[in-house]
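Everything below concerns the one structure shown next.
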Amino acid sequence: MSEDSSALLSRLQQLQCHFTWDLDRDVDLETLSTRLQIDIDFHQSQHEGESCTYSLLAYFRHLRDKREEALSLLNQSEETIRERYGDESERRLIVTYGDMAWLKYHDGDFEKSESYCQRVEDILLKYPTGSSGSFLPEVYGEQAWTYFKVSRSSLSDAIDCFHKALEVQPHDTEWNAGYAIALFCREQWFAENKQDGEESKATKRLRFALEINPNNAALQCMLAVKLVAYKKYEEADDRVKKALENDPDNPHVIRHSGNYLLNRNRLDEAIVVFKRGLRRGDQLPSFTYQLALCYKQKKIAEQRRGPFSNTEEGKWRRCCISHLEEAVEMKPSFVRACAELALLYAEEGDLSRAEETFKHCLEKLPELKEKRVCLIIHQYYGDFHHYHTKNEAQAIAHYKEGLLIPLKKYEWRQCAKELKQIADRRLKKNRGDAEALALLGQVARAEGDRKRAAEFYEKALNCDKDNEEYLSALCELRLELQ
């Protein structure tokens, strides 16, 4: 590397852009690129995070060695920013120009790369932040959208960046919308909510963001989802209704309003909304999957009606299978949909196809980062063996695996419930069933009741005195109790 190119590389590394941010990806590039392209195709008008969508997709195109597409997208990013912000565009172009400098550097066009570096440096001289360690709010904002769009694991970083942008521009509509959306996602994904009746932080921020921009239909839907937790059904219904009237084809409105209606068990309305999403032409696997969940709920409702509803139950199960197959075909890595599909194959009596589909899910387990999906695979495979193959040993093994996944108690309670059911049934036949007693001990330990767990393991050891597994568990529990 020449002295000049080495100096240029040093300047590039000082830039704030997608090439210098540490982007930890939880999803594959193809899936994320598809999402970003859908956002671009849909939004012909202004929307939050618009310029970030172009520049982030350009970065992913670069990673796939599609340099011409990357260059075109960065040019679109600059054009979009100039059209939207006019004379106030410069500060918004820092990240785009930084990406362009890196792209030209990788193309070997050092002169153009240096030119874009200089543009960024000139903008920063014109708009100093007052501190070498701080950025302009526009840079924090784009960094926040990037972290938010790329990875669930970087959600906290996104929230922090939005907060820093708002410290400088507290009433900016875009940063407020982004901050509220990120907080909403954190509470939904990690089941964080106020338990004392007071509205959560995300709920309050959604209200504030809507005060600034009352026409944001996606925010209206998210607020409606939050309001259900506080039993404010009338306000929630009203907000969803207005959102669907104001922006019915927005994919974010479709997703959130459809989920709202699904969770409220208004299944026919939810089906209409999700079908609208598919008619838009996106063919998003998530919309197809949500449709499948609607039909699954219809199937469950028919099951509860009793044996006289077998025909209707079968109809809804087949609808569910059809949409799950379509979702998996569109996105082969959609492992959660695969697990749902496998269990439905078993309900249809096709055990070999169910087993084959479950094996595909199990093969994907080592590479899955989302623990909830791992739990679902073990839980459903346990159900498969418990209720369909009658292989109790395999059912126990997979329920126990689900119980060991570090999640909140309510998430693995179904595995715990099934293990208790198996243990209770066996103990009714044999009060001295050591394995059944140990199962109850393991469930009690997972639930945090160490004293009760120790009692069960003591009983298990009385029935199977030389069992090292039970002895080890009991010793650990006694140490914890001390």
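Just so you know, all these numbers are worked out from the coordinates, no wet-lab data involved. No experiment lies behind these values; they were computed from the predicted model shown. Because the Cβ atoms are built from the backbone with ideal geometry, glycine has one as well, and the counts that use them run over all protein chains shown.
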**OP:** Report, in degrees rounded to the nearest 10, the 0 to 90 angle that the Cα long axis of helix 3-12 makes with the longest principal axis of the chain.
**Re:** 60
Original post:
Taking only C-alpha pairs under 8 Å that are 6+ residues apart, what is the relative contact order of the range 295-374 in percent?
Top reply: 19
**OP:** Arrange the peptides 310-316, 345-351 so that the one whose residues have, on average, the most other Cβ atoms within 10 Å appears first.
**Re:** 345-351, 310-316
Original post:
Placing +1 at every Lys and Arg Cβ and -1 at every Asp and Glu Cβ, with all other atoms neutral, what dipole size does the range 215-281 have around its Cα centre, in debye to the nearest 20?
Top reply: 200
Original post:
So, counting K/R as plus one and D/E as minus one, what does the shell of residues with Cβ under 11 Å around ARG82 add up to?
Top reply: -4
**OP:** Take peptides 107-118, 54-65, 134-145 and line them up by average Cβ neighbours within 10 Å, highest first, as a rough protection proxy.
**Re:** 134-145, 54-65, 107-118
**OP:** Report the net charge of residues surrounding ALA416, where surrounding means a beta-carbon distance below 9 angstrom and charges are Lys +1, Arg +1, Asp -1, Glu -1.
**Re:** +2
Original post:
Taking only Cα atoms, what is the 0 to 90° angle, nearest 10, from helix 201-212's long axis to the longest principal axis of the chain?
Top reply: 40
Original post:
What is the chain by shape, rounded, prolate or oblate, if you read a ≥ b ≥ c off the alpha carbon gyration tensor as root eigenvalues and call it rounded for a/c under 1.5, prolate for a/b larger than b/c, and oblate otherwise?
Top reply: prolate
Original post:
So, by mean Cβ neighbours within 10 angstrom, what's the order for 422-435, 157-170 with the highest one leading?
Top reply: 157-170, 422-435
Original post:
Relative contact order for the range 390-457: what is it in percent, counting Cα pairs under 8 Å that are at least 6 residues apart?
Top reply: 25
**OP:** With everything on Cα atoms, drop me the angle between helix 110-126 and the longest principal axis of the chain, reported from 0 to 90° to the nearest 10.
**Re:** 90
Subject >> Dipole magnitude of the chain, debye to nearest 20 (Cβ charges: Lys/Arg +1, Asp/Glu -1, about Cα centre) >> reply: 2320
**OP:** Determine the relative contact order of the chain: mean sequence separation of Cα pairs under 8 Å and six or more apart, normalised by residue count, in whole percent.
**Re:** 6
Original post:
List the aspartates and glutamates whose alpha-carbon lies under 13 Å from that of LYS465, not counting same-chain residues fewer than 8 positions away?
Top reply: ASP433, GLU435
Original post:
What does the charge count near LYS126 come to, summing +1 for each Lys or Arg and -1 for each Asp or Glu among other residues with Cβ under 15 Å from its Cβ?
Top reply: -3
**OP:** Go ahead and estimate [θ] at 222 nm for the chain from helices alone: -39,500 (n - 2.57) per DSSP H run with n ≥ 4, summed, over the residue count, rounded to 500.
**Re:** -23500 deg cm²/dmol
